[in-house]
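> Mind having a look at this structure? Questions to follow.
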Amino acid sequence: MRKRTHRNGFSLHAIAGTYVVMLGIDITDLEKRKGLLGFAVHREDKTEGEQYWLPGYKTFEANNPTPVPGSLISTREAPVQSLMWNDYTAKPHHTYTYTIVPITGTPKNLVEGKGVSITISTEDVDSGTHAVFFNRGVIGSEAYSRKFGNVAPDQVPKDLAYTWLSRGLEEAMLAFIHQAKGKH
């Protein structure tokens with residue numbers, strides 16, 4: 001699903017897959033660029049009734065001179081310093097409202113501006129004859145490290161790492177193979 005909206009001098013373009021929502025931000029009012037430090041990202045999950053500021057990785061040195069590698073911090077405290085951001089924590093067949101809030105001021109005195117919101121739904125994993133699955137690849141490496149440490153997948157008990165990495169792909173392939181009829 002793709003959607004675009006304009007508001008408060010910003011344009012927001014969202015593209016949703018099954019497990020990822022990509023957000024592209026454009027500053028359409030050049031005056032809004034002055035003093036811009038980044039963007040806070042707020043997500044409301046309409047399906048589960050949850051809402052919160054999404055976390056990121058980059059911080060301002062003035063606020064966090066020695067961040068712990070892999071640690072997460074709210075984008076409200078450490079705004080995204082990019083015009084593109086991906087939410088890799090989205091779930092299939094969910095409806096989300098994202099609000100991108102411009103942040104100005106200084107790292108020690110952040111000021112929230114008027115943002116732009118967009119509502120978008122992720123795709124269903126299997127909604128008919130065909131389905132598309134994506135395992136967690138290189139993008140998931142930092143998330144893997146946070147979840148399982150630097151332990152090899154075959155060393156994680158109960159195949160939990162393999163299940164997490166597969167994200168349903170292995171199960172879908174095996175189910176597809178088991179549908180085969182006829183002689184081998």
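The values are calculated or read from the model by the stated rules, or taken from the named source; none is laboratory data. This one's a predicted model, so the numbers in the text were calculated from it and none came from an experiment. All Cβ positions, glycine included, derive from the backbone under ideal geometry; neighbour counts span all protein chains shown. The protein model used for the area step is the full one, side chains on, heavy atoms only, and it has no ligands, DNA or RNA in it. Shrake-Rupley method; radii C 1.70, N 1.55, O 1.52, S 1.80 Å.
> Show His178, His6, His13 ordered by accessible area, largest first, where the area counts protein heavy atoms only and the probe is 1.4 Å.
His178, His6, His13
> If r is the Cβ-Cβ distance from Thr28 to Ser141 and R0 is 41 Å, what FRET efficiency results, to the nearest 0.05?
Efficiency at R0 = 41 Å is approximately 0.75.
> With axes computed from alpha carbons, what is the tilt in degrees of helix 169-178 against the longest principal axis of the chain, rounded to the nearest 10 within 0 to 90?
In the chain, helix 169-178 runs at an angle near 30 degrees to the longest axis.
> Let me ask another. Using a 1.4 angstrom probe on the protein heavy atoms only, could you order Arg4, Arg167, Arg76 from most to least accessible area?
So the residues, ranked largest to smallest area, are Arg4, Arg76, Arg167.
> Over the chain, what is the mean sequence separation of C-alpha contacts under 8 Å (at least six apart), divided by residue count, expressed as relative contact order in percent?
Rounded, it is 22 percent for the chain.
> Also: If you bin every alpha carbon distance in region 63-124 into 10 Å steps from zero, what whole percent lands in each bin?
Going from the shortest bin to the longest, the percentages are 17, 42, 31, 10, 0.
> Local charge sum around Ile177 (other residues, Cβ-Cβ under 12 Å, Lys/Arg +1, Asp/Glu -1)?
Result for the neighbourhood of Ile177: -1.
> Turning to a different aspect of this structure: Using θ = phi - 60° and the Karplus curve 6.51 cos²θ - 1.76 cosθ + 1.60, what whole-Hz ³J(HN,Hα) does each residue of region 23-37 get, with Gly and Pro shown as x?
Result, ordered by residue: 10, x, 10, 10, 9, 7, 9, 4, 5, 6, 6, 5, x, 5, 9 Hz.
> Calculate the translational D of region 140-184 in whole µm² s⁻¹ from Stokes-Einstein, where the hydrodynamic radius comes from the Kirkwood formula applied to all Cα pairs, the temperature is 25 °C and the viscosity 0.890 mPa s.
201 µm²/s
> With only alpha-carbon atoms counted, please give the Rg and Dmax of the chain, in Å.
Every Cα atom of the chain included, Rg and Dmax give 19.5, 70 Å.
> Within the P(r) computed for region 1-91, what percentage of the Cα pairs occupies the region above 19 Å?
In whole percent, the long-distance tail amounts to 47.
> Out of the GluC sites (Glu not before Pro) in region 50-105, which ones are loop residues according to DSSP with at most 12 other C-beta atoms within 10 Å?
Glu61
> Which value at 222 nm does the chain reach when only helices count, each DSSP H run of 4 or more adding -39,500 (n - 2.57), with the total divided by all residues and rounded to the nearest 500 deg cm²/dmol?
Calculated at 222 nm, the ellipticity per residue is -3500 deg cm²/dmol.
> State the volume of the convex hull built on the alpha-carbon positions of region 25-76, expressed per residue in Å³ and rounded to an integer.
It comes to 111 Å³ per residue, whole-number rounded.
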